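The values are calculated or read from the model by the stated rules, or taken from the named source; none is laboratory data. Computed from a predicted model, the values in this text were never measured in an experiment. No Cβ is skipped: glycine too gets one built from the backbone with ideal geometry, and neighbour counts run over all protein chains shown.
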Amino acid sequence: MPDRDEPRDPQILRVIWKTPLIHVRIATEGGLCRTPDGYVPYRAGDILIGKSGDPHTTIPRDEFLATHTLFYQSDSPTIARYRRNTPVLLARRLDAALIALLELAGPRDARPGEWLIRHPENRLAVVPDALFRELYEPAPGEPGWPNSHGLPA
């Protein structure tokens, strides 16, 4: 698979891990947050994670925004949903059988329809289509899942 700097191969799909959405409130003023470890102070602007009225975690906003991306902003400027940032992986749906040399598992027969994935540290994985679609989603800017011919739908 090409390096990230090389021209895009139309058969390569950029994907990210599906991560759960995190519902957050942005504190409008300082206070105390009840956590499993006791009460923790927070300041205006900090991120409060947990059920409304009973947050269980507080994180300074800058620290939170360094590792999460806004997914949905509600009508209220203090309520939003975020998603943890994940690295972009390169994936190619196989159209022919091959033997993949996997760093951790050794040689593996890969069948047509399975996905060959390259992780950022150049580690390869082979994943069946159904599991691939359950675990990954197209990265931002990708046109979507490929159709049965391997082209973007």
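Of all residues assigned to segment 112-127, at least one qualifies as being surrounded by fewer than 16 Cβ atoms within 10 Å (Cβ to Cβ), farther than 15 Å from Lys18 by Cβ and at pLDDT 90 or above. Condition check: modelled with pLDDT of 90 or more and not hydrophobic (A, V, I, L, M, F, W, C). Does Glu103 satisfy that? For Glu103, the condition - modelled with pLDDT of 90 or more and not hydrophobic (A, V, I, L, M, F, W, C) - is not met. When Thr58, Thr86, Thr69 are checked against the criterion of being assigned to a loop (DSSP other than H, G, I, E, B) and of a type in the set (S, T, N, Q), Thr86 stands alone in meeting it.
May I ask you to verify whether Ala91 is outside any loop (DSSP other than H, G, I, E, B), surrounded by 15 or more Cβ atoms within 10 Å (Cβ to Cβ) and over 23 Å from the mean Cα position of the chain (by Cα)? Spelling it out, it is not the case that Ala91 is outside any loop (DSSP other than H, G, I, E, B), surrounded by 15 or more Cβ atoms within 10 Å (Cβ to Cβ) and over 23 Å from the mean Cα position of the chain (by Cα). The residue list Val15, Val40 contains one member that is of a type outside the set (D, E, K, R), within 14 Å of the chain's Cα centre (by Cα) and assigned to a strand (DSSP E or B), which is Val15.
Out of the residues in segment 102-139 that are charged (D, E, K, R) and in a loop (DSSP other than H, G, I, E, B), state the one that is nearest to Val88 (Cα to Cα). Among those residues, the one meeting the criterion is Glu121. Taken over segment 52-88, the residue count meeting the criterion of being within 15 Å of the chain's Cα centre (by Cα) and without any contact (Cβ under 8 Å) to a residue 40 or more places away in the chain is 6. Within segment 61-70, the presence of at least one residue that is exposed (fewer than 14 other Cβ atoms within 10 Å of the Cβ), at pLDDT 90 or above and over 20 Å from Pro140 (Cα atoms) is confirmed.
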